[in-house]
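The values are calculated or read from the model by the stated rules, or taken from the named source; none is laboratory data. Since this is a predicted model, take the numbers as computed values, not measurements. Here the Cβ positions follow ideal geometry from the backbone for every residue, glycine too, while neighbour counts run over all protein chains shown.
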């Protein structure tokens with residue numbers, strides 16, 4: 001794992017798994033979300049990821065639903081200091097503000113703090129690049145949040161290698177907080193968006209990569225093995241895997257899982273954790289059973305032969 005500074009009570013060098021909160025207020029209601037969060041923490045998890053835009057894509061939602069659920073859970077448990085909360089800005093407009101406009105960043109963080117019911121955010125990420133804004137101005141806006149204590153660490157999501165590098169150079173030139181975490185898509189089915197230039201940039205700058213869609217929208221759990229299985233709210237994202245080289249990836253996962261008495265999901269997460277530049281994968285769950293499955297990846301170490309088999313299957 002790549003080297004990162006401490007974030008709150010946790011250090012991402014020792015955090016093997018991040019719980020994705022995109023399902024809270026979407027496919028998991030408040031009760032199910034609370035159960036998932038309780039099980040994750042009980043199992044040793046500490047880092048919970050969300051975004052202000054979760055889940056504005058659902059009819060009747062406006063965004064902020066996931067943060068609101070997490071905030072209610074934090075209030076109910078009566079403590080905040082033993083978990084790390086990460087959230088993002090840049091995809092949910094506020095009035096006329098949008099993207100990474102400095103005024104929008106300032107307004108959005110206050111809205112997130114209110115929904116989360118906390119006075120600081122451990123890790124705050126630019127949810128996507130915004131090339132309409134000066135990177136110097138964006139650097140100043142995020143730096144001011146860190147200086148004010150509203151945010152402890154900043155990061156980026158969905159950035160290209162070139163834009164990530166130039167953003168960090170702008171931050172360093174101005175002497176303000178720099179991005180320490182990247183959150184891009186990466187898994188056994190989607191590799192080209194990270195491997196290569198982005199991966200090299202992360203390693204060069206000491207940035208920890210925390211991949212989203214670590215399980216390829218559930219495909220890597222083995223849930224979708226035939227076209228008839230492709231149903232549900234994320235089905236439109238996994239159909240291409242069933243028709244492509246996905247079946248041979250699942251076959252490799254099954255082989256490795258059987259050898260370790262593990263599950264395909266656990267093997268997929270362990271494969272990610274073994275890749276250069278990875279700090280910790282992000283995976284979501286809608287039930288306690290799913291949380292327990294995800295946590296089972298923490299102690300799973302793949303052999304060089306396992307990794308070679310999975311690499312070969314996923315590159316074909």
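For residue 113, the conditions (1) under 15 Å from residue 84 (Cα atoms); (2) part of a helix (DSSP H, G or I); (3) more than 21 Å from the chain's Cα centre (by Cα) are fulfilled apart from (3). Of everything in region 299-316 that is surrounded by fewer than 18 Cβ atoms within 10 Å (Cβ to Cβ) and in a helix (DSSP H, G or I), the residue that is farthest from the chain's Cα centre (by Cα) is 305.
Going by the structure shown, is residue 33 at pLDDT 95 or above, in contact with a strand residue (DSSP E or B) (Cβ under 6 Å, 6 or more places away or on another chain) and over 27 Å from residue 277 (Cβ atoms)? So residue 33 fits the description; yes. For the criterion of being under 20 Å from the mean Cα position of the chain (by Cα), under 18 Å from residue 48 (Cα atoms) and surrounded by 14 or more Cβ atoms within 10 Å (Cβ to Cβ), residue 270 fails. What are the residues in region 171-198 that are modelled with pLDDT of 95 or more, closer than 18 Å to residue 129 by Cα and either in a loop (DSSP other than H, G, I, E, B) or under 19 Å from the mean Cα position of the chain (by Cα) (or both), if any? Once the filter is applied, which keeps residues that are modelled with pLDDT of 95 or more, closer than 18 Å to residue 129 by Cα and either in a loop (DSSP other than H, G, I, E, B) or under 19 Å from the mean Cα position of the chain (by Cα) (or both), region 171-198 yields 177, 178, 179, 180, 181, 182, 183, 184, 185, 186, 194, 198.
Of everything in region 201-215 that is buried (at least 23 other Cβ atoms within 10 Å of the Cβ) and under 30 Å from residue 243 (Cβ atoms), the residue that is farthest from the chain's Cα centre (by Cα) is 215.
On the basis of being farther than 16 Å from residue 284 by Cβ and part of a loop (DSSP other than H, G, I, E, B), does residue 63 make the cut?
yes
Scanning region 11-21 for residues that are crowded, with 20+ Cβ neighbours inside 10 Å and either modelled with pLDDT under 95 or in a loop (DSSP other than H, G, I, E, B) (or both) yields 12, 15, 16, 17, 21. Listed by first and then second residue, the pairs with beta-carbon distance under 8 Å, at least 6 apart or on different chains, first residue in region 216-230 and closer than 13 Å to residue 263 by Cβ, second modelled with pLDDT under 90 and assigned to a helix (DSSP H, G or I), are 218/238; 223/229.
There is at least one residue in region 69-79 that is modelled with pLDDT of 95 or more, touching a strand residue (DSSP E or B) at 6+ places or on another chain (Cβ under 7 Å), assigned to a helix (DSSP H, G or I) and closer than 13 Å to residue 21 by Cα. Against the test of being closer than 19 Å to residue 286 by Cβ and in contact with a helix residue (DSSP H, G or I) (Cβ under 8 Å, 6 or more places away or on another chain), the options 227, 264, 233, 211 yield a single qualifying residue, 264.
Among the conditions (1) more than 30 Å from residue 155 (Cβ to Cβ); (2) surrounded by 13 or more Cβ atoms within 10 Å (Cβ to Cβ); (3) modelled with pLDDT under 95, residue 241 misses just one, which is (1). Does residue 158 satisfy the condition of being surrounded by 18 or more Cβ atoms within 10 Å (Cβ to Cβ), over 30 Å from residue 106 (Cβ atoms) and either under 19 Å from the mean Cα position of the chain (by Cα) or in contact (Cβ under 8 Å) with a residue 60 or more places away in the chain (or both)? Here the answer is no, as residue 158 does not meet what is asked.
For region 81-98, the criterion of being outside any loop (DSSP other than H, G, I, E, B), at pLDDT 95 or above and more than 21 Å from the chain's Cα centre (by Cα) is met by no residue.
A search for C-beta distances below 6 Å between a residue of region 296-316 that is closer than 26 Å to residue 45 by Cβ and any residue that is at pLDDT below 95 and surrounded by 18 or more Cβ atoms within 10 Å (Cβ to Cβ), counting only pairs 6+ apart in sequence or on different chains, returns 298/16. None of 235, 251 is surrounded by fewer than 18 Cβ atoms within 10 Å (Cβ to Cβ), in contact (Cβ under 8 Å) with a residue 60 or more places away in the chain and more than 17 Å from residue 28 (Cβ to Cβ) except 251. Summed over region 71-89, the residues that are crowded, with 20+ Cβ neighbours inside 10 Å and either farther than 14 Å from residue 50 by Cα or out of contact with any helix residue (DSSP H, G or I) (no Cβ under 8 Å at 6 or more places or on another chain) (or both) give a count of 3.
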